[in-house]
1. Can you give the accessible area per residue of the chain, in Å², using a 1.4 Å probe?
2. What's the extension gain from residue 31 to residue 224 if we count 0.36 nm per residue and subtract their Cα-Cα distance?
3. With a ≥ b ≥ c taken as the square roots of the eigenvalues of the C-alpha gyration tensor of the range 178-223, please select rounded if a/c is under 1.5 and otherwise prolate if a/b is larger than b/c or oblate if it is not?
4. Compare the peptides 158-171, 198-211 by average per-residue count of other Cβ atoms within 10 angstrom and give them in order, highest first.
5. Can you tell me the 0 to 90 degree angle between the C-alpha axis of helix 211-229 and the longest principal axis of the chain, rounded to 10?
6. Quick check: Cα centre of the range 24-38 to Cα centre of the range 163-181, how many Å?
7. With each run of n ≥ 4 DSSP H residues scored as -39500 (n - 2.57), what mean residue ellipticity at 222 nm is computed for the chain after dividing by its residue count and rounding to the nearest 500 deg cm²/dmol?
8. Within the range 131-164, which residues have the backbone N less than 15 Å from the label spot 7 Å out from residue 90 along Cα→beta-carbon, could you tell me?
Amino acid sequence: MTDERPTQFQRARSAEQREIRKQAILDAATQLLTELPVSEISLRELSRRVGLSKTNVVRYFETREAVFFELLNRSLAQWIEELPAELPPAGPEGTDAPEPEADIETVAVALARSLAGRSLLCDLLSALGAELERNISAESVREFKLVNVRLLGALSELLRGRITALTPDAARELVSLTVVYTAGLWPFAHPSPAVGEAQRDPELATTKVDFAARLGRILHVAVTGLLALG
């Protein structure tokens, strides 16, 4: 871990100053995630890094989980904003004919590669159900999920523009599956040092997970299945 001196703040008195303080907390959390897994980042360490007492951090985020909730939604929003440039061009509007198999695969692979390049988002998605939704109030979860649902809805509409045969329900299911598959695959693709060392054994070569390749394959299968089910 780097031994950085925390930034010192004066008391925030205006809405602008409060937003600056919140962003500083989120920036500190982002930096810590490059050094430690979510499970090892305490509110005490986050407070130390940003240069605030725990009491002051709690004025902006009730728990460390609330910090990561906010960071996840902001990361998700940024990804959705940048994703169109990383996907194949949108199909013609009003087209109900199924896409050729190669086009479906191209979209699935591009989506997987885009996610693979966003480790912060994938780290947070993989920690969401197992950890982040535990030590948090119902109201904070509600606020997070209301924003999250809107963002995932925007993602489903974006994907429908690339795979026009998807119904709205199927597109939403595809997005849900993408989140679940990402959360499940990401930890296996980024194992602990001990597991990584063990996987150097040729007999364990098949246990290695190429995240982008595996996720692209799974999403290709998922889209094909959703279109077949109608």
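The values are calculated or read from the model by the stated rules, or taken from the named source; none is laboratory data. Computed from a predicted model, the values in this text were never measured in an experiment. With ideal geometry, Cβ positions are generated from the backbone for all residues, glycine too; neighbour counts draw on all protein chains shown. The area values use the complete protein model at the heavy-atom level, side chains included, leaving out ligands, DNA and RNA. Shrake-Rupley method; radii C 1.70, N 1.55, O 1.52, S 1.80 Å.
1. Values: 12830 Å² over 230 residues.
So the chain comes to 56 Å² accessible per residue, rounded to a whole number.
2. Values: separation 193, 0.36 × 193 = 69.48 nm, distance 3.85 nm.
Contour length minus the Cα-Cα distance gives 65.6 nm.
3. oblate
4. Numbers: 158-171: 18.4, 198-211: 11.7.
The packing order, highest mean first, is 158-171, 198-211.
5. Value to nearest ten degrees: 50.
6. 30
7. Details: 10 runs with 148 residues, N = 230.
Per the formula, -21000 deg cm²/dmol.
8. Answer for the range 131-164: 154-164.
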